[in-house]
């Protein structure tokens, strides 16, 4: 798909031109719309999608970028303790800070699921998107 076509398409679906300040890109995971186009995220949704993308990779999984990834998949089959939760927080926070420059005032908190599933860890990311006046919260995994 030529670059000009992508930007034309983005302008059609987003007349506020928010993509100029916060960017736009393909949705993660990749989806196809009913019209046959690749689903696109714009603005704050694009930032949220980027955070999910960072969290979904282990460091070293993405060829050519050995430091990319939040290492969340590394913790899938581990027994959780306070130290492991802290490590989870540090890995994800350092990855988001390194790979998502649009995010400021980032805080990542890991905890056990309060809905009765003792083996499930929930990651709460709190951040501000540069140029936007609201705080944003993202919970991983998304239910």
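The values are calculated or read from the model by the stated rules, or taken from the named source; none is laboratory data. All of these numbers come straight from a predicted model, not from anything done at the bench. Using ideal geometry, Cβ is built from the backbone for each residue, glycine included, and neighbour counts are taken over all protein chains shown.
In the range 1-50, what residues are modelled with pLDDT of 70 or more, farther than 22 Å from residue 130 by Cα and over 13 Å from the mean Cα position of the chain (by Cα)? Passing the criteria: 30, 31, 32, 33, 34, 35, 36, 37, 38, 39. Listed by first and then second residue, the pairs linking a residue in the range 49-70 that is on the phi > 0 side of the Ramachandran plot and free of Cβ contacts under 8 Å to residues at least 24 places away in the same chain to a residue that is assigned to a loop (DSSP other than H, G, I, E, B) and surrounded by fewer than 18 Cβ atoms within 10 Å (Cβ to Cβ), with Cβ atoms under 7 Å apart and 6 or more places separating them unless they lie on different chains, are 60/66.
In summary, residue 74 fulfils each of the numbered conditions (1) at pLDDT 80 or above; (2) more than 16 Å from the chain's Cα centre (by Cα); (3) within 14 Å of residue 94 (Cβ to Cβ) with the single exception of condition (1).
Being under 20 Å from residue 111 (Cβ atoms) and loosely packed, with under 13 Cβ neighbours inside 10 Å holds for only one residue in 81, 95, and it is 81.
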